[in-house]
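The values are calculated or read from the model by the stated rules, or taken from the named source; none is laboratory data. Values in this document were obtained by computation on a predicted structure and should not be read as measured data. Don't worry about glycine lacking a Cβ; one is built from the backbone with ideal geometry, like all the others, and counts go over all protein chains shown. Calculation scope for accessible area: heavy atoms of the full protein, side chains included, ligands and nucleic acids excluded. Shrake-Rupley method; radii C 1.70, N 1.55, O 1.52, S 1.80 Å.
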Amino acid sequence: MRKVSLLLTLLIFGQANAQRVITDFNRNWKFFLGNDSLASQPSFNDNSWRKLELPHDWSIELPFDEKAPATNQGGALPGGIGWYRKSFILPASLTNKNVFIEFDGIYRNSEVWINGHYLGKRANGYISFRYELTPWLKFGDHPNIISVKVDNSQQPNSRWYTGSGIYRNARLITTNKIAVSEWGSFVTTPKITKRAADIDLVINITSQSTGTETVKLVSSVYDASDEIVVSQSTDVILKNKLTSSQQTLHLNDPKLWSVEQPYLYKVVTLILQNNIVVDQYTTPLGIRYFNFDAAKGFSLNGKPTKIKGVCMHHDLGAL
C-alpha cells in the first residue's frame, strides 16, 4: 500500500474549510396546494402556508378518487399545482464561493426562483438537476428566499403512480471558484487481470479565473477499509471555463465486484491551487469485467451468471 505524503496529509486535514460543502436542504420548507403567481416574489406573505420537510408528495396525502384525471393507472389520485418556499441565511464567509441548489427529482414541470430571479424550468419529473444561485444571493444577516412551482395538472401523463411535488432530496452545494464540475468525474477499468487493473479517470474542472492557471490534481483510490492503495498526481493547466484531465492509476491485486461480494473502492480527487486544497470530489468504483456471448450467455468476472430483473417503473415512492 502506498502512503500519502506528510505534506498531502496536512493539506487534507488543514484545508477542510476550503473544500466543497454539501448541506442537507430538506428542512423548513413551506407548502401551498394551489396556484399563486405572486409566490415567486421575496416579499410574498407565506405565513399561512404549511411547514414540512422534503421529500414530499402531495398526491398521496389526498383521497383516492375513481374519477381522478390520472385514472386508476396513475393511482386514482389528484395532481394539480403546488408551491414550495424556503428562507435561509448564508454567512458572509461564503461571499467568494459558488453556491448551487441541487434537486434529485421534482414531479413535474418545476420552475425555480431565487430572491425573485427566475432560474429555469424542468419539465421532466425524473431527472436530477441543479441551478447556480451565486449571482443573486445575499450574505450575512439578509435572508434568501427560494421558490419552487410544481405543475402536475396535465393529466393523465403516465401509466403508473408518479406522485406530485419535490419527492426526492434537495441539497445546497458550496464550492470554490475552481472545482470539479457537476457530475464531473467518469471512471472506467479498461484492463483487468487477476494481478492488476488499470483505472482510467476523467475529471472535468470548472474555473472562473480570467487567465491561465496551473493546479495539481491528486487522485487516490481507497479500498473498503478506507486505506489508500494507489495515488497519482498531475499538473493541469486551466485555460478555459471547463478543462478536462485524464489520469490512469495502476492497482495491484484488485478485489473484484460480484453479485455475491459487491466490493467497492472509491476514488478521492483533490484539486490543489498554490498547494492549498480547494476541492475534493469522491467517485465510487467497482472493478469487474463481463462478457455477452451468443452461445454461452452472460458471464461476470469469467463466471456464467444469470441476469434476473424486472421492468421497474418509478412507482409508489411515497410508500
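See the values below:
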item	result
Filter result for the condition that a residue is at pLDDT 95 or above, exposed (fewer than 13 other Cβ atoms within 10 Å of the Cβ) and on the phi > 0 side of the Ramachandran plot, over 116, 34, 80	34
The stretch 14-28 residues that are modelled with pLDDT of 95 or more, paired with ones that are of a type in the set (Asp, Glu) and open to solvent by 60 Å² or more (accessible area, probe 1.4 Å) (beta carbon under 6 Å, 6 or more apart)	26/53; 27/53
Among (1) of a type outside the set (Phe, Trp, Tyr); (2) within 30 Å of residue 233 (Cα to Cα); (3) without any contact (Cβ under 8 Å) to a residue 60 or more places away in the chain; (4) open to solvent by 20 Å² or more (accessible area, probe 1.4 Å) - the single one residue 276 does not satisfy	(3)
Of the criteria (1) closer than 30 Å to residue 302 by Cβ; (2) touching a residue at least 24 places away in the same chain (Cβ under 8 Å); (3) open to solvent by 30 Å² or more (accessible area, probe 1.4 Å), which one residue 265 fails	(3)
Residues that are hydrophobic (A, V, I, L, M, F, W, C), touching a residue at least 60 places away in the same chain (Cβ under 8 Å) and part of a loop (DSSP other than H, G, I, E, B), drawn from the stretch 47-87	54, 58, 68, 70, 77
Residue 99, sole failed condition from (1) in a strand (DSSP E or B); (2) surrounded by fewer than 18 Cβ atoms within 10 Å (Cβ to Cβ); (3) of a type in the set (Val, Ile, Thr)	(2)
Residue 271 vs. criteria surrounded by 12 or more Cβ atoms within 10 Å (Cβ to Cβ) and touching an Asp or Glu at 6+ places or on another chain (Cβ under 9 Å)	yes
Residue within the stretch 178-186 that is open to solvent by 10 Å² or more (accessible area, probe 1.4 Å) and assigned to a loop (DSSP other than H, G, I, E, B) present	no
Selection count, the stretch 117-147, where residues are under 13 Å from residue 89 (Cα atoms) and in contact with a helix residue (DSSP H, G or I) (Cβ under 6 Å, 6 or more places away or on another chain)	2
